Amino acid sequence: MLLIVLPVGLHILAYPAFVWVVSKLFYEHAFRFNQTLQYGLITHLVELILIYSIPLLAFVSFGRRTPGKIETTNQSSKEERTPPSFMVTDGNKRLKIELMDIHYITANSPYSTIFCDEKKYLYNGSLKSVVGKVSGFGFVRIHKSTIVNIQFVHSYTSRLNGDYDVTMKDGSTLRVSRNYAAGFKAEFQQPHQDTTK
C-alpha cells in the first residue's frame, strides 16, 4: 500500500506546488497552494490512484508467480532420481537387472535387448520407453536403434564418412550414426564416475 500511497501523495503535492511556482513567476496573481491542492484532490484523486496502482499491482502479481515457478523447478531438480532396474525373463526365471550392469541396449521391435557382460536379455519394452528411463544416468544414444552405457565404452574410431565405430570394454563393436555422433563424443569426453567396478 505504501508503494501506491507514496507516489500518489507526492503527485498531489507536486501539482499545487508547480501551479503556485508558475503563477508566482509569470502572473500577477499567484494561485493559493491550499486551493489548488483541494481542487486536485476532488478532481484527480481517483485517476491518480488507478494510474499508480494498476501497474504496481500487475508487477507484484507477476513477481509472486515467478518465484513460485522457480522454486518448484529447483525442488524437482534437487530431487535425486533412483536409477531404474529392469525385470527380464531368463528361461523360467525372472531377473532384476541393475542399470550399472547394463553395457548397451538395442531395439528389437516391439521389445528391447539388454546386453550385460556375456549375456543378453529380452526386455518387454520399446527402446523409446527405455531411453526415457535411463536418461540422465550415463546412457547416450548412438544410433536410432542403440543406446550405450558410457562407462562401458572403451574407444571409438571414425569411419571417415561421418559415422564412427565404438568399441565396448567387452570387445563388441557398435556403430555410431552421424546423427548422434556429436552427442556421443561430447558425453564420452565428459569425466564420469566409474560405476562398473
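Computed from the coordinates by the stated procedures, all read-outs in this text should not be read as laboratory data. As the structure is a prediction and not an experimental result, all values here were calculated from the model. Neighbour counts run over all protein chains shown; Cβ positions are idealised from the backbone, glycine included.
Things to note:
- When the C-alpha to C-alpha distance is required to be over 22 Å, the pairs from Lys93/Lys169; Lys119/Lys185; Lys93/Lys128; Lys96/Lys185; Lys93/Lys119; Lys128/Lys169 that qualify are Lys93/Lys169; Lys119/Lys185; Lys93/Lys128; Lys96/Lys185; Lys128/Lys169.
- Between Phe31 and Lys120, full extension at 0.36 nm per residue minus the direct alpha carbon distance yields a gain of 22.4 nm.
- Rounded if a/c under 1.5, otherwise prolate or oblate - the stretch 70-187, Cα gyration tensor axes: oblate
- Nitroxide proxy distance, nm - points 7 Å out along Cα→Cβ at Asn108 and Gln189: 3.5 nm
- Inter-site label distance for Ser85 and His44 at 7 Å from Cα along Cβ, in nm: 7.5 nm
- Extending 7 Å from the Cα toward the beta-carbon at both Ser158 and Lys144 defines two label points whose distance is 2.5 nm.
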